[in-house]
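The values are calculated or read from the model by the stated rules, or taken from the named source; none is laboratory data. All values derive from a computational prediction rather than experimental measurement. Because the Cβ atoms are built from the backbone with ideal geometry, glycine has one as well, and the counts that use them run over all protein chains shown. What goes into the accessible areas is simple: the full protein's heavy atoms, side chains included, and nothing from ligands, DNA or RNA. Shrake-Rupley method; radii C 1.70, N 1.55, O 1.52, S 1.80 Å.
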Amino acid sequence: MAIIVQKFGGTSVADAEKIRRAANRALKAHQKGDQIVVVASARGKQTDQLVADAMELNPNPPKREMDVLLSTGEQQTVSLMAMALEAMGQKAISFTGQQVQMITDDAHSKARIQSIGAEKLKEKLADGCICIVAGFQGVDPNGNITTLGRGGSDTSAVALAAALGADYCEIYTDVDGIYTADPRKFPSAVKMEQISYDEMLELASLGAGVMHGRAIEFGKKYNVKIHVRSSMNENTGTIITHEVPQMEGIVVSGATCQKDLAKIDLVCVDHKPGNAASIFAHLASHKVSVNDIIQTEVSPEKANLSFTISRSDLGSAKQAIDEIRKKVYCESVFIREDIAEVSVVGVGMRSHCGVAEKMFKTLAENKVNIDSITTSEIRISCLVNLEDVDAALTSVCDAFELDKPAAERAQP
Ligand code: ADP
Ligand code: ASP
Ligand code: MG
């Protein structure tokens, strides 16, 4: 008997018919003899609506209250799904994050899961129930409701799969797998049969919203096999798994772009040990997550420090910088919001040269100016003007032939 976690995203539970369809899928799997835990998101665009409701009353809502509000979306779905299953004659029970002891830290709106109490779920599964757990939410050690960040139900699902020792975790969504690029932005993108955790983690953290990045971290750490597939058909989707040798033959697996960024330049900071540590510790104390950091020496006494953050953290980042800039003798601060990032990712890059050259040449031919470049072993990212990023993504996808199955692409 297998334990399977099935996660249904917002579009897959948007209305009564879709909830029934999702419930039916869980029921079929249960009837095969497996134990099923469903993780559900808020219906359709409900989370966006709740955000809008909050903004109408307070443009800067207290984060604790925001999490209390946003967690209600998922709570509605799980009870409705349990009712749908009961109407089909199947025993079902819903749980909030708190009820499954989804313990997180206290970083409201981007909390990290610390532990999960799976006992209650196991008891109910053994009793023949389908368990339905509210995604995206947890509770901090003081009993405050927290949320895991937008798109965070994926993380709830994979973390639960790890805690339960599930055989696999199915992510049901509105695309039938992971594509070489977001099919909404590059319509001729092709579906991948499988992708490594490392590549998916890079793609997710660089803007591929199809999976929440933390979900992939859990998957890799606890060996959870993840299957991303469509809730509208039975087709096999994409398996996210450990790297297998064939993957190295694929030089560039996918491309992404990220638009919700801001870049901060700290110009002529005193160049002495401890300054970078003070700046980033201070940003962390304001719960600002920093993406890429570039430091360059301008003289023996001074250095420039640039970094990117999510635009939603800009208010907190500005406050942190205002507080710390005198201490680190920073001469001036520049902030750019009209910036975006285009990236290519692939484990095969490790053993192939020429990927960077091809990417820069393609951007140049398309008259896209590169503001700055960052790389890892398996990715290359370029910051570009926000207005150029769509064209940049398309040109990069074309250059690396991301409209063709991997086996048909020319090597760079
Ligand atoms: P859900 O509500 O099911 O969690 P999301 O909207 O979070 O669904 O994720 C699915 C969407 O992710 C797709 O509709 C697609 O536009 C987007 N997406 C971004 N990058 C990719 C990619 N590389 N492959 C597939 N989908 C992608
Ligand atoms: N409902 C939340 C959101 O819209 C979480 C999720 O869907 O994963 O971001
Ligand atoms: Mg999602």
When both residues are 6+ apart or on different chains and their Cβ atoms are under 8 Å apart, which pairs have a first residue that lies in segment 84-108 and is closer than 15 Å to A22 by Cα and open to solvent by less than 30 Å² (accessible area, probe 1.4 Å), and a second that is at pLDDT 95 or above and in a loop (DSSP other than H, G, I, E, B)? L85/K91; A92/C129
Quick one: what pairs do we get from segment 144-161, first residue under 13 Å from G10 (Cβ atoms) and at pLDDT 95 or above, second hydrophobic (A, V, I, L, M, F, W, C) and within 16 Å of ligand 3 (Cβ to nearest atom), C-beta under 8 Å, 6+ apart or different chains? G151/M211; G152/F136; S153/V39; S153/A40; S153/F136; D154/I171; D154/M211; D154/A215
Going through segment 7-19 in order, the residues found to be surrounded by fewer than 17 Cβ atoms within 10 Å (Cβ to Cβ) and under 14 Å from S79 (Cα atoms) are D15, A16
Pick from I195, I171: which is in a strand (DSSP E or B), more than 16 Å from ligand 2 (Cβ to nearest atom) and either farther than 30 Å from G33 by Cβ or touching a Gly at 6+ places or on another chain (Cβ under 9 Å) (or both)? I195
Kindly list, by first and then second residue, each pair from a residue in segment 40-51 that is closer than 24 Å to A84 by Cα to a residue that is assigned to a loop (DSSP other than H, G, I, E, B), limited to pairs with Cβ atoms under 7 Å and residues at least 6 apart or on different chains. A40/G135; S41/G9; S41/G135; S41/F136; R43/A14; G44/A14
Contacts under 6 angstrom Cβ, first residue in segment 208-226 being under 10 Å from A161 (Cα atoms), partner away from ligand 2 (no atom under 14 Å from the Cβ) and open to solvent by 50 Å² or more (accessible area, probe 1.4 Å), 6 or more apart: K225/Y168
Filter result for the condition that a residue is closer than 27 Å to T104 by Cβ, in contact (Cβ under 8 Å) with a residue 40 or more places away in the chain and more than 24 Å from the chain's Cα centre (by Cα), over M66, M81: M81
Out of (1) at pLDDT 95 or above; (2) hydroxyl-bearing (S, T, Y); (3) in a helix (DSSP H, G or I), the one S278 does not meet is (1)
If H227 passes every condition in (1) out of contact with any helix residue (DSSP H, G or I) (no Cβ under 9 Å at 6 or more places or on another chain); (2) closer than 17 Å to P183 by Cα; (3) at pLDDT 95 or above but one, which one does it miss? (2)
Out of K272, K318, I need the residue that is assigned to a helix (DSSP H, G or I) and more than 24 Å from the chain's Cα centre (by Cα). Which one? K318
